[in-house]
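Have a look at the structure below before the remarks.
The values are calculated or read from the model by the stated rules, or taken from the named source; none is laboratory data. This one's a predicted model, so the numbers in the text were calculated from it and none came from an experiment. Neighbour counts are summed over all protein chains in view; Cβ atoms, including those assigned to glycine, are modelled from backbone coordinates with ideal geometry.
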């Protein structure tokens, strides 16, 4: 039987994922401006290695952790909209376009479905912006890869519920204000 290179890469990605449980929030970083209205102050969320700006009043779900990834979600007051950050490690430094099909395959495993609705490269991320529907959710995601690590930062809505435009707008702004890495990495301070 011939080895399947796709399965091998997935196995390597899964085996190389970093583990570790830490407190979700370490410290707050000052930020202001129109894009921050309705969002909390940026804060480091160690398990997902990102500086996050969850919408004010949104409740954090318990951290989802596996050998493959860490996933932090904040739910809106209605429970129909979410802002989330998924952090994962890679066995090789590849680009976001290369990672997207594997990400969608994992999404299909967990949700039963993963339909890519749109995708566009964005050098400003650097990465890929994509919209996909899973079994329960529609995700509007930024997929970013830096070296041996990747992040999917998303604004999600329940597919079978009416979209609350103000909640979705907050989730999208939280997504777009999220910075990968730690405060030290993003400020250049040692």
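See the values below:
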| quantity | calculated |
| --- | --- |
| Residue in the range 166-175 that is buried (at least 18 other Cβ atoms within 10 Å of the Cβ) and in contact with a helix residue (DSSP H, G or I) (Cβ under 8 Å, 6 or more places away or on another chain) present | yes |
| Residue in the range 57-78 that is surrounded by fewer than 16 Cβ atoms within 10 Å (Cβ to Cβ) and free of Cβ contacts under 8 Å to residues at least 12 places away in the same chain present | yes |
| Hey, residue 178 buried (at least 18 other Cβ atoms within 10 Å of the Cβ) and either within 26 Å of residue 68 (Cβ to Cβ) or modelled with pLDDT under 95 (or both) or not | yes |
| Filtered residues of the range 55-70 (kept if out of contact with any helix residue (DSSP H, G or I) (no Cβ under 6 Å at 6 or more places or on another chain) and at pLDDT 95 or above) | 56, 57, 58, 59, 60, 61, 62 |
| Residue 126 vs. criteria out of contact with any strand residue (DSSP E or B) (no Cβ under 9 Å at 6 or more places or on another chain) and either at pLDDT 95 or above or surrounded by fewer than 18 Cβ atoms within 10 Å (Cβ to Cβ) (or both) | no |
| Test set (1) buried (at least 17 other Cβ atoms within 10 Å of the Cβ); (2) within 23 Å of residue 61 (Cβ to Cβ); (3) at pLDDT below 95; (4) touching a strand residue (DSSP E or B) at 6+ places or on another chain (Cβ under 6 Å) - residue 106 fails condition number | (4) |
| Wholly enclosed helices (runs of 4 or more DSSP H) of the range 85-190 bearing at least 3 residues over 27 Å from residue 41 (Cβ atoms) and either within 13 Å of the chain's Cα centre (by Cα) or in contact (Cβ under 8 Å) with a residue 40 or more places away in the chain (or both) | 96-111 |
